[in-house]
Amino acid sequence: MRISYIGKMETINSRIVEYCKQKGIRQVDLEKAQYGSKQSINMIFNNKRKPNCTFLEKLVSDNEDLDARWLITGKKEQIG
C-alpha cells in the first residue's frame, strides 16, 4: 500500500471547491441542503473559514463517491 498526493489541492477548502466543481454542486445547492448559511459556505469556498465537523460529515455522507481521507488530508490510499 502506498500513499500519494492527488493533484495540487493543498487545503481542505480547495478540495471541497474542486469536488463541488467536478460534481456541479453550487454554493446555493449547499445552502438549500442546509450545509450552512450563505455566508459560511461562501467563506469556506473563499478559504476564509475552515469547514466545521457538521459540514464535513454531511458532505461525506451525502456523497458516497467522496473519499473522506482525501478530503481531510489530501492523501489517497492506493493498493498495489
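The values are calculated or read from the model by the stated rules, or taken from the named source; none is laboratory data. Because the structure is a prediction, the values reported are computed rather than measured. No Cβ is skipped: glycine too gets one built from the backbone with ideal geometry, and neighbour counts run over all protein chains shown. Heavy atoms of the whole protein, side chains included, go into the accessibility calculation; ligands, DNA and RNA do not. Shrake-Rupley method; radii C 1.70, N 1.55, O 1.52, S 1.80 Å.
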With the requirement that a residue be without any contact (Cβ under 8 Å) to a residue 40 or more places away in the chain, assigned to a helix (DSSP H, G or I) and open to solvent by 50 Å² or more (accessible area, probe 1.4 Å), what does region 19-28 give you?
Lys21, Gln22, Gln27, Val28
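Do we find that Glu57 is surrounded by fewer than 13 Cβ atoms within 10 Å (Cβ to Cβ) and at pLDDT 95 or above in this structure?
On the way: surrounded by fewer than 13 Cβ atoms within 10 Å (Cβ to Cβ): yes; at pLDDT 95 or above: yes.
Taking the combined requirement at face value, the residue satisfies it.
Select from region 32-76 the residues that are among the polar types (S, T, N, Q) and in a loop (DSSP other than H, G, I, E, B) and list them in ascending order. Explain how you work it out, then say what you get.
Residues of region 32-76 that are among the polar types (S, T, N, Q), as a first pass: 34, 37, 39-40, 42, 46-47, 52, 54, 61, 63, 73.
Listed by number, the residues that qualify are Gln34, Ser37, Asn46, Asn47, Asn52, Asn63.
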